[in-house]
Amino acid sequence: MIRIMLVDDHRMVRDALRTVLEQDDGIEVVAAVGDGETALRLAGELSPAVVVMDVAMPGLSGIETTRRLLARRPEIKVLALSTYLDRRIIQQMLDIGASGYIAKSAAGAELKQGIRNVVAGRSYLCSEVAALIADGLRERGGAAGQADSRVLSRREVQVATLLAEGKSAPDIAAELHIAPSTVDVHRRNLMRKLELHNVVELTRYAVRTGLVIP
């Protein structure tokens, strides 16, 4: 059973998210709170596996709440949930340790998938966030992305993008029509070339540079 805490200052949003999650027999919502201070207190008492964190809240923001929470309880996974699809905010949440970012408009379809990804130790970006990253590369003319693409092969860029979107090696293998072992080889090469250590760092890199399939 995956223990979840919901943090959002809008009661209707909390109630809707609880209803969605409680339809899943493998998920238990242990608390649904409306402010950061209460979230910090109850996280210490209830030890949820995942905190679904609204980014924009009055008082203690979701960003600052996440920072304090992970400083105290680094084993808890934070999945950001927001109406704000801004690359700077996304990057800030990932930099302070959030394991994923989901647009509120996609919460019904992707929230459970995101929860299971972060519990499994993977990062997760919903499709809207991944699309935003792609748009960012095109808007900037791809200056940083082009430089990195010269370092990485086309296949490595594809694998990096799919990993950053939270997809597993078997899923990537099926999508690219290659063997899972080949995905692992590309992943190791990516980590070596980019001097990264795990998929969370790769996701941060993807957000920072706008890495997408060329």
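In what sequence do Met93, Met1, Met191 fall when counting other Cβ within 10 Å, fewest first?
Neighbour counts put them in this order, fewest first: Met1, Met191, Met93.
At most 15 other Cβ atoms within 10 Å plus a DSSP loop assignment makes a site exposed; report the longest stretch of the chain without any exposed GluC sites (Glu not before Pro).
Answer - 76-194.
For Gln113 and Val185, what does the FRET efficiency come to when R0 = 25 Å and r is the distance between their Cβ atoms, rounded to the nearest 0.05?
My answer for the efficiency is 0.45.
With each pseudo-label sitting 7 Å past Cα toward Cβ, what's the Thr83-Leu60 distance in nm, one decimal?
2.4
Near the amide H of Leu125, under 5 Å away, which other amide H atoms are found, from residues 5 or more places off or on another chain, if H is placed in the peptide plane?
Tyr101, Gly166
Taking only Cα atoms and a 10 Å spring cutoff, compute GNM fluctuations for the chain and point out the largest among Arg187, Arg122, Arg73.
Highest fluctuation of the listed residues: Arg73.
For the chain, what is the convex hull volume of its Cα atoms per residue in Å³?
Taking the convex hull of the Cα positions in the chain, it is 114 Å³ per residue.
Please arrange His177, His186 by how many other C-beta atoms lie within 10 Å of their C-beta, fewest to most.
Going from least to most buried by this count: His177, His186.
When a/c reaches 1.5 or more, the comparison of a/b and b/c decides; with that in mind, is the stretch 2-125 rounded, prolate or oblate per its Cα gyration tensor?
rounded
Could you tell me the center-to-center distance, by alpha carbons, between the stretch 18-46 and the stretch 52-101 in angstrom?
Rounded to whole Å, the Cα centres lie 15 Å apart.
Please give the FRET efficiency for Glu75 paired with Glu195, using the beta carbon to beta carbon distance and R0 = 25 Å, rounded to the nearest 0.05.
Approximately 0.45, to the nearest 0.05.
Taking only C-alpha pairs under 8 Å that are 6+ residues apart, what is the relative contact order of the stretch 42-111 in percent?
Relative CO of the stretch 42-111 lands at 31 percent.
Which whole-number percentage describes the relative contact order of the stretch 1-75, with Cα contacts under 8 Å and a sequence gap of 6 or more?
This gives 36 percent for the stretch 1-75.
Springs between alpha-carbon atoms under 10 Å, Gaussian network over the chain: tell me which of Val55, Val29, Val118 tops the mean-square fluctuations.
Val29
Normalised by the residues of the chain, what does the relative contact order come to in percent, with Cα pairs under 8 Å and at least six apart?
The value is 16 percent.
Under 29 Å between alpha carbons, and skipping anything fewer than 8 positions from Lys112 in its own chain: which lysines qualify?
Answer for Lys112, where 29 Å is the Cα cut-off: Lys77, Lys104, Lys167, listed by chain and number.
Every number here is computed from the coordinates shown, using simple stated rules; none is lab data. Since this is a predicted model, take the numbers as computed values, not measurements. Positions of Cβ are generated from backbone atoms using ideal geometry, with glycine treated the same way; all protein chains shown enter the neighbour counts.
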